[in-house]
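A.B. asks: Take a look at the following structure, please.
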Amino acid sequence: MNIYEIYYANNYTELYKNNWVLIDIIPESKFNMNLEVANDASSNKSRIAVRKRDNTGKIISYDIYKNTLNLKSIDKLDPPTILSPKNNSNYNNAIYISYDDSSLIGTPSEKGYYYTFYSNIDLGIEWTQIGEPIPVGSGFIYWDISSLESSSEYEIKSYIEDNIGRKSKEIFITDISILNNGRFIIDTTPPDGVVSIKNNQIYTNKRDVILDILGEDELTGIEKIIITEKNLTTNESTETEYAYSEIRSIRLDEQNGIKQIEVSFYDHAGNTLGQNTFFYARNFVEFSDKFVEFVSNSTGNIFSIVEGDENSYIYKDQTQIISTSKSLTSICNYQSSIYVSSFDNEGSYIERISGSTLIEMVLFDIYGGNDRNIISDTVSDNEKIYIGMESGYFYSFDGSSVVLENIFEKAISSLKIINNIIYIGLDNSDYYYLYVNNNFIEVEI
């Protein structure tokens, strides 16, 4: 296929050599394109040149379009849309300032930066910038407000500005209440959290294991955790209370069997998760067999997947309900149904458990992407199932269709979800990613 190389000159002259700038390369089948020029571009001095090449790279033609261009200057950018915070809202400790970028895609604002400020007339605080400007589409701003004086008269303003000085109109959020220092906070919302075995360990022959614990409470913070070790073979359990920390070493009892780790999170207001909504460890710990993962449903049943020597098995509580020749890799609860991921020589699958059978919902080609297209982990926010692949592909599935959300350079090793924020772990990487409000945010470990 032939291609066109599109060049632009801001101050064209026939007497001297012009400073042509390559601005785009398009296939012959494309008939239009958008061109952004500087604010000081002159219509009667600007020119477009087109050089045509064949599929071997040979130049076929070269034309300068000498007709005067009709340039329309864009002086102002489209303004931001602030999703959070809202007018007349109350906050404590921190505020996440998030933006809706969808309306800015394809506009000059897409190449700008969000500038965000706060003020308080009653406290004599002039407009003060919050953090550094962030590029449009890069996510949200975390604003630590723990040191600010309590008041109900805080305001936020935000605008977009690009590198050539174009600026949008300012958007204001008013009557923000910050409740710190001496105010009573009514907190009736339980904390949230997840727990996993360190390094995604799936079975062990050692009694000492390390847990990765990640909890969050928006208002009063997490005060303590209670870890319950339950031996599902003997139905015996032990319970220990700890101060909250992100890593905790525990010693399992000396009896062989399937070990289930429960962690309940308590905030400073005394709220905790209900018994049926404890966050379980994403792994069984067992001394001989290889239990991969388990999940509980709304009625309290525990579904587990087990890798055997020849077949893989699915258990409901203590009863085996399915045997399959495929290798099982993950399990999740989506819209009151249990879904598993698996693979064989033909493909990688998302399947729904129906009684004692598996119903195929999604099939991926086993040889797609940078590596084998094997599903390494899945999570669900009850609106979609999110799928991480060894190939680095990251998909979403809404029960009927699959969407490719992103491609990472390294294999996806794990997925976790807290407060609708998905944490994406990569193999041998110094970074992990947050997926929030349809944006991917890189976080250094």
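The values are calculated or read from the model by the stated rules, or taken from the named source; none is laboratory data. Given the structure is predicted, the values throughout are model-derived calculations rather than measurements. Using ideal geometry, Cβ is built from the backbone for each residue, glycine included, and neighbour counts are taken over all protein chains shown.
A.B. asks: Looking at 152, 168, 103, 158, which is the one that is farther than 20 Å from residue 76 by Cβ and small (Gly, Ala, Ser)?
C.D. replies: 152
A.B. asks: Would it be correct to say that residue 360 is over 30 Å from residue 444 (Cβ atoms) and either without any contact (Cβ under 8 Å) to a residue 24 or more places away in the chain or not assigned by TED's automatic domain parsing to the domain that holds residue 436 (or both)?
C.D. replies: Yes; evaluated as a whole, the condition is true for this residue.
A.B. asks: Here is a check on your reading of the model: is residue 113 within 21 Å of residue 437 (Cα to Cα) and in contact (Cβ under 8 Å) with a residue 12 or more places away in the chain?
C.D. replies: yes
A.B. asks: Oh, and also: Checking residue 61 against (1) among the small types (Gly, Ala, Ser); (2) more than 23 Å from residue 109 (Cα to Cα); (3) at pLDDT below 75, which single condition isn't satisfied?
C.D. replies: (3)
A.B. asks: Here is a check on your reading of the model: is residue 373 in the same structural domain as residue 337 (by TED's automatic domain parsing), in a loop (DSSP other than H, G, I, E, B) and touching a strand residue (DSSP E or B) at 6+ places or on another chain (Cβ under 6 Å)?
C.D. replies: Against the criterion (in the same structural domain as residue 337 (by TED's automatic domain parsing), in a loop (DSSP other than H, G, I, E, B) and touching a strand residue (DSSP E or B) at 6+ places or on another chain (Cβ under 6 Å)), residue 373 qualifies.
A.B. asks: Residues in region 287-299: is at least one more than 28 Å from the chain's Cα centre (by Cα), modelled with pLDDT under 85 and either in a strand (DSSP E or B) or closer than 30 Å to residue 223 by Cα (or both)?
C.D. replies: Within region 287-299 (the criterion being more than 28 Å from the chain's Cα centre (by Cα), modelled with pLDDT under 85 and either in a strand (DSSP E or B) or closer than 30 Å to residue 223 by Cα (or both)), the answer is yes, since at least one residue qualifies.
A.B. asks: Give region 394-425 a look and list any residue that's within 24 Å of residue 195 (Cβ to Cβ) and of a type in the set (A, V, I, L, M, F, W, C), or say none.
C.D. replies: 394, 411, 412, 415, 417, 418, 421, 422, 424
A.B. asks: Give just the number: which of (1) more than 25 Å from residue 193 (Cβ to Cβ); (2) without any contact (Cβ under 8 Å) to a residue 40 or more places away in the chain; (3) not hydroxyl-bearing (Ser, Thr, Tyr) does residue 340 not satisfy?
C.D. replies: Status for residue 340: all satisfied but (1).
A.B. asks: Among the residues of region 384-398 satisfying the criterion of being in contact with a Ser or Thr (Cβ under 9 Å, 6 or more places away or on another chain) and in a loop (DSSP other than H, G, I, E, B), which is surrounded by the most Cβ atoms within 10 Å (Cβ to Cβ)?
C.D. replies: Only one residue fits best here, namely 390.
A.B. asks: Which strands (runs of 3 or more DSSP E) does region 100-173 wholly contain that include 2 or more residues that are buried (at least 16 other Cβ atoms within 10 Å of the Cβ)?
C.D. replies: Per the criteria, 113-120, 140-144, 151-161.
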